[in-house]
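To start, the structure under review is shown below, and the notes come after it.
The values are calculated or read from the model by the stated rules, or taken from the named source; none is laboratory data. On a predicted model such as this, the values are computed, not experimentally measured, just so you know. FYI the Cβ positions are ideal-geometry reconstructions off the backbone, even for glycines, and counts take in every protein chain you see. To get the accessible areas, we keep the full protein, side chains included, count just its heavy atoms, and leave off ligands, DNA and RNA. Shrake-Rupley method; radii C 1.70, N 1.55, O 1.52, S 1.80 Å.
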Amino acid sequence: MTAEVISLGCRLNLSESESLRGMLAGESELVVINSCAVTSEALRQTRQAIRRARRARPDARLLVTGCAAEIDRAAISAMPEVDGLIANRAKLDPRAWNVAPALPCPAAASQHTRAFIGAQNGCDHACTFCVIPQGRGQSRSRSMAEIAADIDRELVRGVREVVLTGVDLTAWGLDLPDAPRLGALVTSILRACPDLPRLRLSSLDPAEVDDELFGLLTSELRVMPHVHLSLQHGDDLILKRMKRRHLRHDALTLVERLRARRSDMAVGADLIAGFPTEDEAAHQANLAIVRELGIVHGHVFPFSARAHTPAARMPQTPLPAIRARAAELRSAVAAEHARWQQALVGTPLAVLAERDGTGHATNFARVMLPQATPAGSLLTVVPTEIREGLLA
Ligand code: SF4
């Protein structure tokens, strides 16, 4: 039995946890928490997961890796439940775990129809609210060959869709010879993996979408018509105080250009509610950009000050206001989603069936499927209604 790997946080952690399960095969008395510390809430959930794992496995060896093991090292290692920490940057190195490199073995069938593949790690930016560079270090890219090999392995395991992920995915290649851009990586994947039916991209920096990537997003059918923007806010002054590289106009222009070339493009975004110094007008600008961009897949984060960040030293927004504004943002996204879903009724959708009787369309709309639909099958569905919040 392989080690028990509990994954928290981002898609990059998910893909790394999958690698850890392979690498720690045979370590049955080991529990690993691949932790997250992006917000105070994420850190609270990490602690909770550690306590829960210890209760469930009182005799196992419990090791913690991930961003909390870097950012909150002292606090995590002081927990009585924890036997040790593994540095986040070393977690994919078998030597860090004192195990022999896993011998190549026939790839077991995947439990998933979609796989997250890490292409890039770390970050060279310094957004004023963010601790991720502290947890993951500088930006570094995996090679095209490594990524294509991972994808081929997943295709053998029965995966039909790959989600390319990273901390700052659009920075992929900048540290490689000739500094290729993300568009070049996507082109090479499509060429090297002709059997890959669907490629989806995780968060993109609105200021960093290169021309080749833009062309692929708007014309390549195997690249999903779905962009998730690391937008963070809809007010220019707040964006400047966050030290983001884009302004609201840049995001509006990008989405307008994408939709002009591919009308079914779905937009998702990360948004922060209650950033320090955010007044009512700035909050209204944040709400407005949800409608203006038609954000239908939204991750709304109530601001939480993280130690050793410039934003933690700014005048804080009162907690009740943070919570109320986060709720308003979530309602605005839910309203956009409902409008979008209604407009999809009667539209033929290419859907990838999952194991739970539902599936995802290319634009990431969730669709209810007939019970007997085999997981991993690709089918065209024309929804006739919305049932239990899903197209059906
Ligand atoms: S781009 Fe900004 S928000 Fe994203 S990981 Fe880097 S510092 Fe954090």
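Out of all the residues in the stretch 4-18, is one or more over 22 Å from SER139 (Cβ atoms), touching a Gly at 6+ places or on another chain (Cβ under 9 Å) and surrounded by fewer than 21 Cβ atoms within 10 Å (Cβ to Cβ)? No; the residues of the stretch 4-18 include none that is over 22 Å from SER139 (Cβ atoms), touching a Gly at 6+ places or on another chain (Cβ under 9 Å) and surrounded by fewer than 21 Cβ atoms within 10 Å (Cβ to Cβ). Taking the stretch 229-251 only, how many residues are within 14 Å of the ligand (Cβ to nearest atom) and open to solvent by less than 10 Å² (accessible area, probe 1.4 Å)? Looking only at that region, the number is 7. Output yes when any residue across the stretch 23-42 is crowded, with 21+ Cβ neighbours inside 10 Å, at positive phi and outside any helix (DSSP H, G or I), and no when none is. The answer is no; no qualifying residue exists.
Filtered by the rule that a residue be under 23 Å from ARG291 (Cβ atoms) and part of a loop (DSSP other than H, G, I, E, B), the stretch 192-223 gives SER203, ASP205, PRO206, ALA207, VAL209.
Just to verify a result, which residue in the stretch 108-161, among those that are within 15 Å of the ligand (Cβ to nearest atom), without any contact (Cβ under 8 Å) to a residue 60 or more places away in the chain and at negative phi, is least open to solvent (accessible area, probe 1.4 Å)?
We begin by selecting, within the stretch 108-161, every residue within 15 Å of the ligand (Cβ to nearest atom); these are 118-141.
Retained after the next criterion (residues that are without any contact (Cβ under 8 Å) to a residue 60 or more places away in the chain): 120, 122-124, 133, 137-141.
When the remaining residues are screened for being at negative phi, the result is 120, 123-124, 133, 138-141.
Values: GLN120: 3, CYS123: 22, ASP124: 101, PRO133: 37, GLN138: 137, SER139: 19, ARG140: 82, SER141: 23 Å².
Going through the qualifying residues, I end up with GLN120.
Scanning the stretch 269-284 for residues that are touching a residue at least 24 places away in the same chain (Cβ under 8 Å) and out of contact with any Leu (no Cβ under 7 Å at 6 or more places or on another chain) turns up ILE272, GLY274, PHE275, PRO276, THR277, GLU278, ALA281, HIS283. Scanning the stretch 162-182 for residues that are among the hydrophobic types (A, V, I, L, M, F, W, C), under 20 Å from ARG244 (Cβ atoms) and touching a helix residue (DSSP H, G or I) at 6+ places or on another chain (Cβ under 9 Å), which turns out nearest to the ligand (Cβ to nearest atom)? It comes out as VAL167. Of all residues in the stretch 224-245, those satisfying the criterion of being in contact with a Ser or Thr (Cβ under 9 Å, 6 or more places away or on another chain) and not in a strand (DSSP E or B) are MET224, PRO225, LEU237, ILE238, ARG241, MET242, LYS243, ARG244.
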